[in-house]
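Okay, so here's the structure we're looking at.
Values quoted throughout were computed directly from the atomic coordinates according to the rules given, and no laboratory measurement underlies them. Everything quoted here is computed from the prediction, not taken from an experiment. All Cβ positions, even for glycine, are placed from backbone atoms using ideal geometry, and neighbour counts span all protein chains on display.
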């Protein structure tokens with residue numbers, strides 16, 4: 001099977017307003033090491049074990065996003081977390097403004113990919129720990145600090161996948177709007193994504209027995225394609241003496257696939273289709289209680305559902321075999337409520353005490369028929385639920 005895959009992607013910067021001068025905080029830093037600033041990080045004099053990389057350090061690489069910058073931080077490998085149930089121990093090693101994203105599924109790399117490089121004030125590489133930083137069990141994390149500026153920016157992307165000969169040509173793109181004004185930021189992202197099979201097109205299927213005799217010699221044709229549409233909104237800003245970080249997303253997806261095999265005496269056809277949707281909501285609120293105590297609370301909820309059908313038909317020597325149909329559906333959800341108090345007991349000791357409660361659910365239903373007659377399946381309908389709580393105390 002001969003196939004040529006062409007992937008083209010273009011990005012158009014529609015509008016941007018330069019940051020207003022004079023509203024950026026000053027950061028205490030040690031003297032710049034000998035040599036060009038772009039070749040060496042600055043050491044933060046206020047914190048031991050913290051290296052500060054300014055945008056000048058990344059100039060030679062000409063980064064477009066904050067993710068491009070983080071990927072070039074020496075001695076750091078980005079980790080988006082395991083995605084396991086709950087929050088504690090399941091999130092990544094990237095912080096934005098001293099905190100992790102409000103949603104567990106809106107990973108650090110996703111947020112950084114939506115953040116233009118010009119909005120980054122500095123990147124802190126933290127080893128071992130630092131005041132006000134939740135390491136979540138990692139020995140090394142990065143903390144991306146954004147500028148306090150007034151700006152508006154829109155980014156439009158477009159991409160296409162083209163197949164030579166057979167195959168479904170696919171098109172997608174996205175639109176992203178972000179705005180910042182001092183301590184407040186908000187944005188919306190619209191996405192039209194694609195999914196595909198890279199094993200499509202015509203071919204030949206030959207099956208032999210142990211003696212080498214040909215049992216089946218058939219021409220085949222296969223393809224699979226789909227896509228998804230989603231919308232995400234974000235907001236961060238002051239609230240009730242603290243800071244709130246909000247994010248919400250909803251998306252729908254579909255998939256279609258087929259595989260056919262034919263010879264002089266037989267015809268086989270497999271058809272697959274699936275539709276699904278998913279969404280999430282996350283809110284984080286942080287507030288200082290006094291000079292040494294800080295409250296942090298999180299609420300996260302995600303959900304998803306899907307349904308699909310697989311059909312198999314065979315025509316052999318002019319005789320139709322009973323049609324086989326396998327249908328399935330399901331849904332899932334996770335809700336997490338978490339709170340902790342962080343105590344900066346001294347410049348060298350931080351104590352965190354808190355708790356977390358999580359509810360997880362997953363349900364699956366499936367059915368199978370041959371020639372319209374239902375065939376009983378073991379565990380045709382299964383629902384699993386878990387409610388789990390934990391309390392913790394950590395010292396760094």
Just 200, 105, 316 to compare: in a GNM of the chain, with alpha carbon springs under 10 Å, which one fluctuates most? 316
Springs between alpha-carbon atoms under 10 Å, Gaussian network over the chain: tell me which of 62, 256, 168 tops the mean-square fluctuations. 62
Find the relative contact order for the stretch 93-171 and round it to a whole percent, using C-alpha pairs within less than 8 Å whose residues are 6+ positions apart. 31
Tell me the relative contact order for the stretch 38-148 as a rounded percent, counting alpha carbon contacts under 8 Å between residues six or more apart. 30
In whole Å, how far is the Cα centre of the stretch 241-295 from that of the stretch 94-128? 21
Going by C-beta contacts inside 10 Å, put 177, 293 in order with the fewest on the left. 293, 177
Ordered by fewest other Cβ atoms within 10 Å, a rough proxy for footprinting exposure, 294, 104, 394 read 394, 294, 104
Say we join alpha carbon atoms closer than 10 Å with springs in a Gaussian network model of the chain; which of 93, 64, 143 then has the biggest fluctuation? 64
Packing-ranked peptide list from 350-360, 208-218, highest mean Cβ count within 10 angstrom first, is 350-360, 208-218
Let's test this: bin the Cα-Cα distances of the chain at 20 Å from zero up to the farthest pair and state each bin's percent. 21, 46, 25, 8, 0
In angstroms, what radius of gyration and Dmax does the stretch 291-396 have, counting Cα atoms only? 25.3, 84
Listing 234, 222 by rising number of other beta-carbon atoms within 10 angstrom, fewest first, gives 222, 234
Is the stretch 38-148 rounded, prolate or oblate when judged by the Cα gyration tensor, a ≥ b ≥ c being the square roots of its eigenvalues, rounded requiring a/c under 1.5 and prolate requiring a/b larger than b/c? oblate
